[in-house]
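See below for the structure under consideration.
The values are calculated or read from the model by the stated rules, or taken from the named source; none is laboratory data. As the structure is a computational prediction, the values presented were derived from the model and not from experiment. Cβ sites come from the backbone with ideal geometry, for glycine too, and all protein chains shown count toward neighbours. Surface areas here come from the heavy atoms of the whole protein model, side chains and all, with no ligands, DNA or RNA. Shrake-Rupley method; radii C 1.70, N 1.55, O 1.52, S 1.80 Å.
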Amino acid sequence: EFIRCIESKDVIACPGSGKTTALVAKLYILTKFMPFEDGSGICVLTHTNVAIDLIKERLGKQGSILFEHPNFCGTIQSFIDSYLAQPMYVKKYGHRISTIDDDIAYSYISSKLRKWNKTCHNTHFLELVRDLRYDYIDSKWVNKNGTPFTFPQKFIGDDSKFVRDEVMNKKRSAIKKGILFYDEAYTLGRLYLSVEPSLSRAFCKRFNYVFVDEAQDT
């Protein structure tokens, strides 16, 4: 029933019941009809690369078309990065994003701060910096959970503004170099959708069908 269905549906079943297997079977059948007459493709979004690797493994050569234009088969993060964050960043800064990776972004900022001030060698202080994000929608500094970013007084003492400004400067440096945290790509993407409302129509025209694996996570 699921494989034959071409309407919008949610498939809910317990782990190990065959949801991804059924999706792979459906994709295999659809590849037989590609390319579609109107030039559109399909979009397959997953939560992790594990599901993508599974699709590649099970479909083999027949499934290679899913990874060619106009189709997209990848994680939600890779979709956001490629189609929303990257073009919005270029529009805003005039050059491409260098990397979107939490570990690299944190390493860049923390290394700059360690060189700047001995206070910044404190592990707990650096953990706070790991949480620092720039919200492109509201143009403000926030924590990872979206609340306003602040440093506890015990770390910054009387030099609070001085330390805070320097931390922000290092963060700005990372952003201008195109070194971003994963979730910053999402606020960039939301900004792009807000300034380019025609994007939703463009995506609808390009992708005839969209399949979301592990929808509750993705």
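Quick notes
- Exactly one residue out of Ala25, Ala13, Ala85 is open to solvent by less than 20 Å² (accessible area, probe 1.4 Å), out of contact with any Phe, Trp or Tyr (no Cβ under 7 Å at 6 or more places or on another chain) and among the small types (Gly, Ala, Ser): that is Ala85.
- Complete set of residues in the stretch 94-108 that are open to solvent by 40 Å² or more (accessible area, probe 1.4 Å), polar (S, T, N, Q) and touching a residue at least 40 places away in the same chain (Cβ under 8 Å): Ser98
- Meets criteria (in contact with a helix residue (DSSP H, G or I) (Cβ under 9 Å, 6 or more places away or on another chain), open to solvent by 40 Å² or more (accessible area, probe 1.4 Å), part of a helix (DSSP H, G or I) and modelled with pLDDT under 85) for Leu128: yes
- Among the residues of the stretch 195-218, those identified as within 26 Å of Ile29 (Cα to Cα), hydrophobic (A, V, I, L, M, F, W, C) and open to solvent by 60 Å² or more (accessible area, probe 1.4 Å) are Cys204, Val210, Val212, Ala215.
Every residue, every condition in (1) of a type in the set (Asp, Glu); (2) open to solvent by less than 30 Å² (accessible area, probe 1.4 Å); (3) in contact with a Leu (Cβ under 6 Å, 6 or more places away or on another chain), yes or no:
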residue	(1), (2), (3)
Asp53	yes, no, no
Gly74	no, yes, no
Lys92	no, no, no
Ser110	no, yes, yes
Trp116	no, no, no
Asp135	yes, yes, no
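- Of all residue pairs spaced 6 or more apart or on separate chains, those with beta-carbon atoms under 7 Å, a first member in the stretch 162-174 that is closer than 14 Å to Ala105 by Cα and open to solvent by less than 70 Å² (accessible area, probe 1.4 Å) and a second member that is part of a helix (DSSP H, G or I) and among the aromatic types (Phe, Trp, Tyr) are Ala174/Tyr108.
- One residue alone among Ser17, Ser40 is of a type in the set (Ser, Thr, Tyr) and either in contact with a His (Cβ under 8 Å, 6 or more places away or on another chain) or free of Cβ contacts under 8 Å to residues at least 40 places away in the same chain (or both), and that residue is Ser17.
- Summed over the stretch 176-194, residues that are open to solvent by 10 Å² or more (accessible area, probe 1.4 Å) and closer than 12 Å to Val90 by Cα total 3.
- Picking from residues in the stretch 36-51 that are buried (at least 19 other Cβ atoms within 10 Å of the Cβ) and either out of contact with any Pro (no Cβ under 7 Å at 6 or more places or on another chain) or of a type in the set (D, E, K, R) (or both), the one that is farthest from Cys204 (Cα to Cα) is Ala51.
- Residue check, Phe79 open to solvent by less than 50 Å² (accessible area, probe 1.4 Å) and among the aromatic types (Phe, Trp, Tyr): yes
- If only residues of the stretch 55-72 that are surrounded by 15 or more Cβ atoms within 10 Å (Cβ to Cβ) and not in a helix (DSSP H, G or I) are counted, the one that is nearest to the chain's Cα centre (by Cα) is Phe72.
- Members of the stretch 175-216 found to be within 25 Å of Thr48 (Cβ to Cβ) and in a loop (DSSP other than H, G, I, E, B), listed by number: Gly178, Phe181, Asp213, Glu214, Ala215, Gln216
- Residues in the stretch 161-182 that are in contact with a helix residue (DSSP H, G or I) (Cβ under 7 Å, 6 or more places away or on another chain) and modelled with pLDDT under 90: Val163, Arg164, Glu166, Val167, Lys170, Lys171.
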